[in-house]
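The values are calculated or read from the model by the stated rules, or taken from the named source; none is laboratory data. Everything numeric here is computed off the predicted structure, so don't read it as measured data. Counting neighbours? That spans all protein chains shown, and the Cβs are built from the backbone with ideal geometry, glycine included.
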Amino acid sequence: MTKSILLIGVGGQGTILISRILSSGFAEMGFDVKMSEIHGMSQRGGSVTTMIRYGDEVHSPNFGDAEADVIISFEKSEAVRALPQLKKGGTVITDDYEIFSVPVLTGASEYPFDALDQLRAEVPNTIVIEAYRAAEKLGNSRCQNIVLLGKLVNTMGWDEHVDWKALVAANVPPRTVDINLRAYELGYNM
Amino acid sequence: MSEKIMMSGNEAIARGVWEAGVHVAAAYPGTPSTEILENIGALYKDDIYCEWSVNEKVAFEVASGASIGGARAFCAFKHVGMNVATDPIFSMGYAGVNGGLVFVTADDPGCWSSQNEQDNRWYAPHTKIAMLEPSDSQECLDFVKAAYELSERFDTPVMIRVTTRVCHSKSLVRLGDRKDVKVRKYKSVPGKFALLPATAIARHPIREQLLRDMAEYGNDCSFNRTEGKKDAKIGVISSGISYQHAREAFGDDAAFLKLGLTYPFPEKLVKEFCSRHETLYVIEENDPYLEMHIKSLGFTEIHGKDQIPECGELNAAVLRRALFSEEPGKTYHVEAKAPARPPTMCAGCPHRGFFLALSGVLDRVVPAGDIGCYGLGSQPPFNGFGFSLCMGAGFSTLVGLSKALEKQGDPRKAIGMLGDSTFFHSGITSLIDIVSSESNVIACILDNSITAMTGHQENPGTARNLMGEPSPVVDIVALVKACGIDDDHLRVVDPVDLKAIRSALSDAIAAKGPFVIVTKRPCVLIKEVAKANGTRHAVIDPGMCIGCGMCMKVACPAIAFKDGRSVINDGSGCTGCGLCTQVCPVGAISIVEE
Ligand SMILES: Cc1ncc(C[n+]2csc(CCOP(=O)(O)OP(=O)(O)O)c2C)c(N)n1
């Protein structure tokens, strides 16, 4: 059975890095893996998504609405944007972090401040963490993605056959290995 | 598994180019093709001469020269880039090659970052050039290598057609070694390569014969294969990424004809397959390219675009809904709406100052846009232009537009804007047209020293090339002058200096004849620029801010309006460009370094 994961965030948040780590992990588990990222225009502060699919044999790298088993959202309103892609029974892991888009800043669009309450009420498997704040406290807000990764791995019980910490260490800039490993631990135990 | 690695289609194409022993590679950037040459430049430049050419036509001619000279040559562009390059491509279709010549067109179904969804498969029959369509990263690598053998065996350029989901998806790839290919001796063969009418007319039948030979080869080659249940009632024909979606939507109950070589069309193979199965489907994104070929063979009952959408990307769910009327899957729903989050100019973007100033004179000008980061200036609150077509058109359309405005008695002046890379690409020829037609228009070059929109590729104004070496800088202002613009009709300004850019605009509106404004300030995302900016950022004195909202008109992602006061967002990437300080009526914003 092919499993589908959607990562969503705002340009520059580091969704691609954890997609790379996740794909390596699934390959290590012996699965076929495909990952699809859309960039280009989306780099300029737009919404960015990455899809990962793993299983015995994966054909399409991308999937449609109501097909994601898990959504990982780096920004709380982006979790709402991605929701139509979640299948019934799926899991949402989202950061309780807000980034205002320019239309929100200029008053042309409204920010859904109560998004998380609504998500919790509607989706039984909603997990909210403060990944950005935790990374900031740790000393580098850019580790937000790795905090989320730790939470994801623990939630999904994916740590049996893969040394995720080794994968984190192999994929982050050498100078930041220590802080990223701590970020992973932190997320894992949240 | 362990010796396989995850690679994007673009990385795998670059690897394939290297493994094929290629000597010369040239491209002009364009999503989703850009990473191909970026990877060649980063990983394989010791073995392959590679360059960002000024445009796609030039890139293809660089590659053609290498091929005629005996080297294996490569070229890549996005789908609309092929429109720019087709003149030499048609010629090379007649001439054929010396060293193998392979090029990639990267199409963009879904318009993720393009001005259209054009389906470049039609170019293969049109240019009489063989076409391969890989479906995943492994095939990207394998097909590129095989394409060079095809190219040299059949004396033809080979086009590899990929799409965004092939370019930007990663899958597991097994790598090989680089083949040691000697550069063939250059021989002058005017009867083949000097395409005067007499040569061309003689080449044409040779070309047609080669196409027949290749079609024969296509009926029995490793690019095309059948899969799945041999005696299935349902037969599915597909190519490229659509094949992956088809496999997933139809599962194990169908037979599949997976086509990798889709021009010349393997008629015999397709006929045999179609005759074996009762119900036939052809699955393809965008246009009915395969479908029209198959129908022309007499299989008019085949299902395709009668059910599958022509517009946008496909995926397995879209197919299941279209073909099997499957209900949409069950999901969740909340009342909350995600806010609009369009791509916007970055904090500190030098284009912002230009658009802020332009928005003040919109009653006196009619603006034309172009393609680049400044395309984002068309959005509110700047509403910087009402139309944009393709690269270079931001200048050339002004000539015709000014005539149309004149003829309807509209006193407003036509003004166009394009970037440094776009100026080199095709804006310069348009500027020459403006000068020689003495058009009463304003042409603005927004020079940020880099090709920013596509992710920072070097261009002739950058002082460095794709191989990381220093390179001569082509001086844009000197070029403008050489085109015939004198000092009275030229302003060079810093776009973050609002007073300067405003006064340049009013001079330009008052002047008669062609007028050029060059705004000069490097993109804030350039590493050296970001470093030099250091910790510089704006602060707003909450005691002084009167909450008038003037600074919100700058539409910078670094400034937010909270509880009736403007604030600088934390972690917003403010670069301290100072544009907002110039619009604050009470001087509440200052720039600090800390
Ligand atoms: C014919 C063609 N080739 C390539 C592209 C892709 N493309 C879009 S914008 C752009 C670069 C623009 O660079 P520049 O003019 O310097 O503006 P900047 O983004 O730096 O502001 C490119 C290459 C395209 N749209 N059309």
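Tabulated results
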quantity	calculated
Qualifying residue in the range A:83-104 (condition: more than 8 Å from chain B (Cβ to nearest Cβ), assigned to a helix (DSSP H, G or I) and without any contact (Cβ under 8 Å) to a residue 40 or more places away in the chain)	no
Residue within the range A:6-16 that is without any contact (Cβ under 8 Å) to a residue 60 or more places away in the chain and surrounded by 23 or more Cβ atoms within 10 Å (Cβ to Cβ) present	no
Test: residue in the range B:296-309 that is within 12 Å of chain A (Cβ to nearest Cβ) and either part of a helix (DSSP H, G or I) or modelled with pLDDT of 95 or more (or both)	no
All positions within the range A:68-80 that are surrounded by 22 or more Cβ atoms within 10 Å (Cβ to Cβ) and either in a strand (DSSP E or B) or within 7 Å of another protein chain (Cβ to nearest Cβ) (or both)	A:ALA68, A:ILE71, A:ILE72, A:SER73, A:SER77, A:GLU78, A:VAL80
The range A:131-190: number of residues that are among the basic types (Lys, Arg) and in a loop (DSSP other than H, G, I, E, B)	0
Single residue of B:PRO470, B:PRO514 found to be buried (at least 16 other Cβ atoms within 10 Å of the Cβ), away from the ligand (no atom under 16 Å from the Cβ), over 20 Å from B:GLY372 (Cβ atoms) and outside the structural domain of B:ILE48 (by TED's automatic domain parsing)	B:PRO514
Hits in the range B:406-429 (condition: assigned to a helix (DSSP H, G or I) and either near the ligand (Cβ under 9 Å from one of its atoms) or within 14 Å of chain A (Cβ to nearest Cβ) (or both))	B:ASP420, B:SER421, B:THR422, B:PHE423, B:PHE424, B:HIS425, B:SER426, B:GLY427
Where A:ALA27 falls short, out of the listed (1) more than 7 Å from chain B (Cβ to nearest Cβ); (2) free of Cβ contacts under 8 Å to residues at least 60 places away in the same chain; (3) touching a strand residue (DSSP E or B) at 6+ places or on another chain (Cβ under 6 Å)	(1)
Members of the range B:393-439 that are under 15 Å from B:ALA508 (Cβ atoms) and loosely packed, with under 15 Cβ neighbours inside 10 Å	B:PRO411
The range B:49-99: number of residues that are surrounded by fewer than 24 Cβ atoms within 10 Å (Cβ to Cβ) and closer than 17 Å to B:LYS182 by Cβ	4
Options B:VAL173, B:VAL166, B:VAL183: the member that is touching a strand residue (DSSP E or B) at 6+ places or on another chain (Cβ under 6 Å) and at pLDDT 95 or above	B:VAL173
Long-range neighbours under 6 Å by Cβ, at least six apart or interchain, first residue within 14 Å of chain A (Cβ to nearest Cβ) within the range B:25-48, second more than 10 Å from the ligand (Cβ to nearest atom)	B:PRO32/B:ALA106; B:PRO32/B:THR164; B:PRO32/B:CYS167; B:PRO32/B:HIS168; B:SER33/B:ALA76; B:SER33/B:ALA106; B:GLU35/B:ASN10
Residue in the range B:437-448 that is in a loop (DSSP other than H, G, I, E, B), more than 16 Å from the ligand (Cβ to nearest atom) and of a type in the set (Ser, Thr, Tyr) present	yes
Residue pairs meeting the criteria (Cβ under 7 Å; at least 6 apart or on separate chains; first within 14 Å of another protein chain (Cβ to nearest Cβ) and more than 15 Å from B:TRP52 (Cα to Cα), in the range B:73-93; second of a type in the set (Gly, Ala, Ser) and more than 9 Å from the ligand (Cβ to nearest atom))	B:HIS79/B:ALA106
Residue in the range A:127-172 that is nearest to the other protein chains (Cβ to nearest Cβ), counting only those that are among the hydroxyl-bearing types (Ser, Thr, Tyr) and in contact (Cβ under 8 Å) with a residue 24 or more places away in the chain	A:TYR132
Hey, B:SER53 within 14 Å of another protein chain (Cβ to nearest Cβ) and hydroxyl-bearing (Ser, Thr, Tyr) or not	no
Positions within the range B:415-456 being of a type in the set (S, T, N, Q) and at pLDDT 95 or above, in sequence order	B:SER421, B:THR422, B:SER426, B:THR429, B:SER430, B:SER436, B:SER437, B:SER439, B:ASN440, B:ASN448, B:SER449, B:THR451
Neighbours by Cβ (under 6 Å, 6+ apart or cross-chain): first from the range B:410-421, among the polar types (S, T, N, Q); second part of a strand (DSSP E or B) and within 6 Å of the ligand (Cβ to nearest atom)	B:SER421/B:THR451
Enumeration of residues in the range A:97-143 that are polar (S, T, N, Q) and touching a strand residue (DSSP E or B) at 6+ places or on another chain (Cβ under 7 Å)	A:ASN125, A:THR126
Subset of the range B:82-107 (residues that are more than 13 Å from B:ALA26 (Cα to Cα), in contact with a helix residue (DSSP H, G or I) (Cβ under 7 Å, 6 or more places away or on another chain) and near the ligand (Cβ under 10 Å from one of its atoms))	B:MET82, B:VAL84
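Residue by residue, here is whether (1) closer than 17 Å to A:THR50 by Cβ; (2) within 14 Å of chain A (Cβ to nearest Cβ); (3) not in a strand (DSSP E or B) holds:
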| position | (1), (2), (3) |
| --- | --- |
| B:GLU139 | no, yes, yes |
| B:ASP142 | no, no, yes |
| B:ALA146 | no, no, yes |
| B:SER151 | no, no, yes |
| B:ASP155 | no, no, yes |
| B:ILE160 | no, no, no |
| B:VAL166 | yes, yes, yes |
| B:LYS170 | yes, yes, no |
| B:VAL173 | no, yes, no |
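Residue-by-condition table, conditions (1) away from the ligand (no atom under 14 Å from the Cβ); (2) more than 14 Å from chain A (Cβ to nearest Cβ); (3) over 17 Å from B:PRO557 (Cα atoms):
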| residue | (1), (2), (3) |
| --- | --- |
| B:CYS373 | no, no, no |
| B:GLN379 | yes, no, no |
| B:PHE387 | yes, yes, yes |
| B:PHE395 | no, yes, yes |
| B:ALA404 | yes, yes, yes |
